[in-house]
Every structure is written in C-alpha cells, then in structure tokens.
C-alpha cells in the first residue's frame, strides 16, 4: 500500500535535481552567449561551467539554438516582469515616467548581458524570438502599462495627447542603450570617461530631461 507513495516521494528529488541542473545550464549559457554570441559559444564550455555534460544539455534543450532561444526568453521575461513590479499606477504621471526611465537605465547597467544578448539576436534577425508567444504576451502587458501612464498624464494635464507608447519605449531604451553599447568608442571620440559615476549621473539626468520634454504638454 505504501509503494506508490514511496515512488512519488522519490520522484520529487529527481524533479528538483532536474530543475537545478536546467537553471545552472541556463546561467552558464547566458554568460557564454553574451560573451561570444550564438556562433562563438561552445556547448562544451557551457557544460563545464554548469557542472553538467553535453548530453544533459541536449537532453533538456534539444540543441544549442534551442538553448539560445530559451536564454533569450528568460532575459526578456526578466526585464518585462521587473517592469510590471514598478508601482507606476500608484505614482503621479510625471513621477511614474521618471521611475520607468531610471529603471531602464539602471537595469542596463546592472545587466550588461541583456544588451549583448539582444545585439546577438538582432544579428540573427530575431529568428529565435519570432516564435516566442511568451515574449509577445509580456511585451503587450508592458505596452498597456505605458499606455495607462500616458493616458493618466493627458487627463491630469501633464502630457500631450497622441503619444505612441511603443515609440516612447523605443526612445527610452535607445538613449540608454546607445550610450552603453558605444561607451568604448565614445570615450575615445569625446575624450571623457563615459562610465565614471559623474558621467553616468549626468547621462541619466539628460535622459530624464529629454523624455520629459518629448511628452510634456505645451504651455
């Protein structure tokens, strides 16, 4: 009578072990893909860093391309879910928009792998993300959140009407993204340390001012 129960108990540790192994592989793969891109990352290196073996990677993910796709999904889900945790609906429109701008900038600084993964996927014309329904769903939720923020800003007299939330998000992302992806060449061309604390603070202030000028209702 107790054998089925014993089997169920035995299954749970195996399931937990599988989840831990998958998580380790994804973590190691994220580092390698961010550093070397899809073409340059080696399954052997990922397996070694994860404390697994190539067979386990192919067992859990099927192929290197499928592993890359899942790493991308996790990366996008992470930023989209973090955005959804921002209390934008509870803040006044101007404060909420500034919070979103600050969050985007800080996220890029704290998660440089995200930027390099996105760069890598764009080299492949987004063929891995093209089939991801998860990314589409969370991205629609994000656009809806920004639309609500803009609508409140219009109603309360802070923002001008007719701003496309997608265009606004692209601009918020771009003014931070470009600065960070070009920090090395920028430091040479403009003869300044682009990553000093002062330079980063000045850039964030400039980003906020730029976006606010774009959305503010004319006097």
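Just so you know, all these numbers are worked out from the coordinates, no wet-lab data involved. Because the structure is a prediction, the values reported are computed rather than measured. All Cβ positions, even for glycine, are placed from backbone atoms using ideal geometry, and neighbour counts span all protein chains on display.
Give the calculated FRET efficiency between residue 219 and residue 191 to the nearest 0.05, with a Förster radius of 45 Å applied to their Cβ-Cβ distance.
Details: r = 38 Å, r/R0 = 0.84.
Computed FRET efficiency for residue 219 and residue 191: 0.75.
Counting each DSSP H run of 4 or more residues in the chain as -39500 (n - 2.57), what helix-only mean residue ellipticity at 222 nm follows after dividing by all residues, to the nearest 500 deg cm²/dmol?
Working: 10 runs with 171 residues, N = 219.
The helix-only estimate for the chain comes to -26000 deg cm²/dmol at 222 nm.
Any idea what angle helix 93-110 forms with the longest principal axis of the chain, computed on alpha-carbon atoms, 0 to 90 degrees, nearest 10?
Helix 93-110 sits at roughly 50 degrees to that axis.
Relative to the compact-globule scaling 2.2 N^0.38 Å, provide the ratio for the alpha-carbon radius of gyration of the stretch 69-215. The partial results should precede the final answer.
Values: Rg = 16.1 Å, N = 147, 2.2 N^0.38 = 14.7 Å.
Scaled against compact globular proteins, the figure is 1.10.
Distance from a point 7 Å along Cα→Cβ of residue 94 to each backbone N in the stretch 122-159: keep the residues under 15 Å and list them by number.
Counting only backbone N, you get 153-159.
For residue 210 and residue 131, what does the FRET efficiency come to when R0 = 30 Å and r is the distance between their Cβ atoms, rounded to the nearest 0.05? Don't skip to the end; give the middle numbers.
Working: r = 35 Å, r/R0 = 1.17.
So the FRET efficiency works out to roughly 0.30.
Got the relative contact order for the chain handy, in percent, Cα pairs under 8 Å and 6 or more residues apart? Spell out each step's value before the answer.
Values: 166 pairs, mean separation 40.6, N = 219.
Contact order relative to length: 19 percent.
Per-residue counts of other Cβ atoms within 10 Å, averaged by peptide: what ranking do you get for 49-61, 183-195, highest first?
49-61, 183-195
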